[in-house]
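Working notes for the structure below.
Just so it is clear, none of the values below were taken in a lab; they were calculated from the coordinates. Note that the coordinates shown come from a computational prediction; the quantities given were computed from them, not determined experimentally. A quick note on method: Cβ atoms are made from the backbone with ideal geometry, for glycine too, and the neighbour counts reach across all protein chains shown.
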Amino acid sequence: MKQKFWTSDKIVSFTAVFISLATLYIFIRQTNIIEKQSRLYVMPYLRAQIINDNSAHFTRMELHNYGVGPAIIESREIFYNDKWNDIDFGDFYFTMVPEMEDVDIVMDANLSPGQAIAAGSSRLLVQLCEDAECHQKMKSAMGVLMNKKFDYRIVYRSIYGDRWVINSSGEAPTLLEEE
């Protein structure tokens with residue numbers, strides 16, 4: 001006599017295997033969702049802002065982190081005279097832009113690889129001028145600078161290693177592909 005293939009033991013066994021595989025699939029899917037949520041929870045969002053105060057006669061450039069996690073600086077470069085230069089903004093204005101020689105650099109700060117900008121905080125990059133005469137010279141020098149090919153890019157990462165870049169276009173940070 002031929003035995004049936006689908007016995008009650010086999011049905012229970014196949015059902016248990018199916019439930020186990022479905023549970024494994026759901027577990028993997030939930031883990032991926034949790035990982036994505038964790039990355040978003042610590043995502044930095046840097047924006048460079050130029051504050052031009054005509055009444056107080058100064059111009060300031062600041063880097064703000066509007067994200068919810070720290071931004072760790074990887075690099076900063078300024079494009080000028082047809083090449084990228086690894087230099088801070090204050091040093092750039094002081095050493096590479098002859099039109100800025102009569103403009104006072106009141107404050108500047110370095111922005112080095114490895115520095116972190118905490119969520120909700122900002123970092124002063126450079127402040128120019130304190131009086132009306134200097135401010136007028138600065139505006140004129142900036143006009144000349146903008147007519148030349150000028151750009152900057154700041155590359156930063158999250159604590160998970162996701163990398164973004166911002167530049168002078170003022171657009172939202174661009175996520176960089178993994179290398």
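Tabulated results
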quantity	calculated
Centroid-to-centroid separation of the stretch 113-158 and the stretch 1-44 [C-alpha atoms, Å]	54
Dipole of the stretch 7-95, positive direction: furthest Cα of Thr31, Val68, Gly90, with charges on the beta-carbon	Thr31
Unit charges on C-beta of K, R, D, E only; dipole of the stretch 28-91, Debye	500
Ranking of Val155, Val17, Val165, Val103 by count of other Cβ atoms within 10 Å, fewest first	Val17, Val165, Val155, Val103
Sites matching GluC sites (Glu not before Pro) across the stretch 68-153 that sit in DSSP coil, with at most 16 neighbouring C-beta atoms within 10 Å	Glu101, Glu130
Loop chymotrypsin sites (Phe, Trp or Tyr not before Pro), the stretch 1-107, which have at most 10 other Cβ atoms in a 10 Å radius of their Cβ (DSSP)	Phe5, Trp6
Cα-based Lys pair tally, the chain, threshold under 21 Å, eight or more apart or on separate chains	7
Value of relative contact order over the chain, rounded to a whole percent, pairs C-alpha under 8 Å and six or more apart	23
Shape parameters for the stretch 56-114, alpha-carbon atoms, Rg then Dmax in Å	13.5, 40
Where Rh is the Kirkwood radius over Cα pairs, Rg/Rh for the chain	1.37
Neighbour-limited loop hits for trypsin sites (Lys or Arg not before Pro), the stretch 77-179 (at most 16 other Cβ within 10 Å; DSSP other than H, G, I, E, B)	Lys148, Lys149
Cut-off 13 Å between beta-carbons: net charge of the residues surrounding Asp82, Lys and Arg +1, Asp and Glu -1	+2
Assigned charges on the beta-carbon of Lys, Arg, Asp, Glu; the chain dipole about Cα centre (debye)	1660
For Tyr152, Tyr160, order by how many other beta-carbon atoms lie within 10 Å, fewest first	Tyr160, Tyr152
Burial ordering of Leu128, Leu63, Leu21, fewest other beta-carbon atoms within 10 Å first	Leu21, Leu63, Leu128
